[in-house]
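The values are calculated or read from the model by the stated rules, or taken from the named source; none is laboratory data. Just so you know, these numbers come straight off a predicted model, no measurement behind them. So basically every Cβ, Gly included, is an ideal-geometry build from the backbone, and we count neighbours across all protein chains shown. Surface accessibility is based on the protein's heavy atoms, side chains included, excluding ligands, DNA and RNA. Shrake-Rupley method; radii C 1.70, N 1.55, O 1.52, S 1.80 Å.
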Amino acid sequence: MLFMMRFTIVLSILLVFGAKSAEAIPSFQVEVLPWEQVKGIIPNHSYFTIIDVDTGLSFKVQRRAGSKHADVQPVTEKDTKIMKAIYGGKWSWDRRAILVLVHDQLISASMNGMPHGAGALQNNFPGHFCVHFYGSTTHKTPTPDLAHKVMILKAGGKLDSFLYRLDPYELISVLEIAIDQQDERLLSQIMTGNNRSLKKTLASVNHIQITQRSILPVEDLPVLVAMKLQFRVKWIRSNHSQDEKNVVFYLHRDSLENQWRIDGRTFIDEIH
């Protein structure tokens, strides 16, 4: 699966570069670069190509504004159609892992898919959308958006090492992202269970939110390989019904050196 994804992305890059000489084609080495550096690589009014990691589809954009992240617009109506196809034919605030191809560089990033604000190009896109890089923030928050950060690390091949270092509380926050983004692969990286149970979870729940949590300082957590945590959880099912109750999460790891994972079977039982 990972090989096919990389092959699709490489093929997309080759199509973007067309018949240029081999010397002009980048090495396909993905860089996870901080926003403070990237904003100089893609200044306002510059053009670059976005490649969606999951589908391999690509389209061209122009950066129009943005100080804490890049506010960009598809260049043409064709680019807008490709972007909308990436989002399944409807606009969404969901974050997606992307690669930014600019000059001879591939930079990991994350985008949302919802037109908002002002737009200036004749592209049938009513506004602009946001592209985030490592360390960038939204206009309203002083710290990076966790969902964007996860997608940036996914695009850069750094997600496994990030998840490995998470404590149980942080892992629950990533669970919210995996369900909200309907990201089966991310869910499989943090939750135990077979593909059928993971698909069942995403098919039955569209949104989950921890509305109340009691968190001990990380240094006060007992040195364990299994934990039981209770949070107040609100969720929206696929049929749009809502529920809210206290949910018990069971987490475990194979040893003190291994990654924490959420027990999928008990989680599914809790939300049904």
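Scanning the range 251-261 for residues that are more than 19 Å from Leu202 (Cα to Cα) and among the charged types (D, E, K, R), which turns out surrounded by the most Cβ atoms within 10 Å (Cβ to Cβ)? Of everything passing the filter in the range 251-261, Arg253 is surrounded by the most Cβ atoms within 10 Å (Cβ to Cβ). Count of the range 234-250 residues, restricted to those that are out of contact with any Asp or Glu (no Cβ under 7 Å at 6 or more places or on another chain) and surrounded by 14 or more Cβ atoms within 10 Å (Cβ to Cβ), is 3.
Specify which of the listed residues (Gly156, Gly264, Gly193) is closer than 30 Å to Thr55 by Cβ, in contact (Cβ under 8 Å) with a residue 60 or more places away in the chain, out of contact with any Pro (no Cβ under 7 Å at 6 or more places or on another chain) and open to solvent by 20 Å² or more (accessible area, probe 1.4 Å). Step through it out loud before you land on a result.
Working: Gly156 fails: open to solvent by 20 Å² or more (accessible area, probe 1.4 Å); Gly264 fails: open to solvent by 20 Å² or more (accessible area, probe 1.4 Å).
Going through Gly156, Gly264, Gly193 in turn, just one is closer than 30 Å to Thr55 by Cβ, in contact (Cβ under 8 Å) with a residue 60 or more places away in the chain, out of contact with any Pro (no Cβ under 7 Å at 6 or more places or on another chain) and open to solvent by 20 Å² or more (accessible area, probe 1.4 Å): Gly193.
Okay, residues lined up against (1) more than 26 Å from Arg165 (Cα to Cα); (2) in contact with a strand residue (DSSP E or B) (Cβ under 6 Å, 6 or more places away or on another chain); (3) among the acidic types (Asp, Glu):
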{"residue": "Ala226", "(1), (2), (3)": "no, yes, no"}
{"residue": "Val247", "(1), (2), (3)": "no, yes, no"}
{"residue": "Asp254", "(1), (2), (3)": "no, no, yes"}
{"residue": "Phe267", "(1), (2), (3)": "no, no, no"}
{"residue": "His272", "(1), (2), (3)": "yes, no, no"}
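In the range 87-98, the qualifying residues are those that are surrounded by fewer than 20 Cβ atoms within 10 Å (Cβ to Cβ) and not polar (S, T, N, Q), and the one that is nearest to Glu184 (Cα to Cα) is Asp94.
Looking at the range 121-130, is at least one residue of a type in the set (A, V, I, L, M) and either in a strand (DSSP E or B) or touching a helix residue (DSSP H, G or I) at 6+ places or on another chain (Cβ under 8 Å) (or both)? Checked against the condition, which is being of a type in the set (A, V, I, L, M) and either in a strand (DSSP E or B) or touching a helix residue (DSSP H, G or I) at 6+ places or on another chain (Cβ under 8 Å) (or both), the range 121-130 yields no hits at all. So for the range 130-146 (the condition being open to solvent by less than 10 Å² (accessible area, probe 1.4 Å) and either more than 16 Å from the chain's Cα centre (by Cα) or farther than 21 Å from Asn44 by Cβ (or both)), does at least one residue qualify? Within the range 130-146 (the criterion being open to solvent by less than 10 Å² (accessible area, probe 1.4 Å) and either more than 16 Å from the chain's Cα centre (by Cα) or farther than 21 Å from Asn44 by Cβ (or both)), the answer is no, since none of the residues qualifies. Restricting Ile172, Ile177 to residues that are open to solvent by 10 Å² or more (accessible area, probe 1.4 Å) and of a type in the set (A, V, I, L, M, F, W, C) narrows the list to Ile177.
The residues of the range 64-76 that are at pLDDT 95 or above and either buried (at least 21 other Cβ atoms within 10 Å of the Cβ) or aliphatic (A, V, I, L, M) (or both), listed by number, are His69, Ala70, Asp71, Val72, Gln73, Pro74, Val75. Does Asn206 satisfy being open to solvent by 50 Å² or more (accessible area, probe 1.4 Å), within 24 Å of Leu57 (Cβ to Cβ) and out of contact with any Gly (no Cβ under 6 Å at 6 or more places or on another chain)? Yes; evaluated as a whole, the condition is true for this residue.
If you go through the range 51-63 and keep only what is touching an Asp or Glu at 6+ places or on another chain (Cβ under 9 Å) and open to solvent by less than 60 Å² (accessible area, probe 1.4 Å), you end up with Ser58, Phe59, Val61, Arg63.
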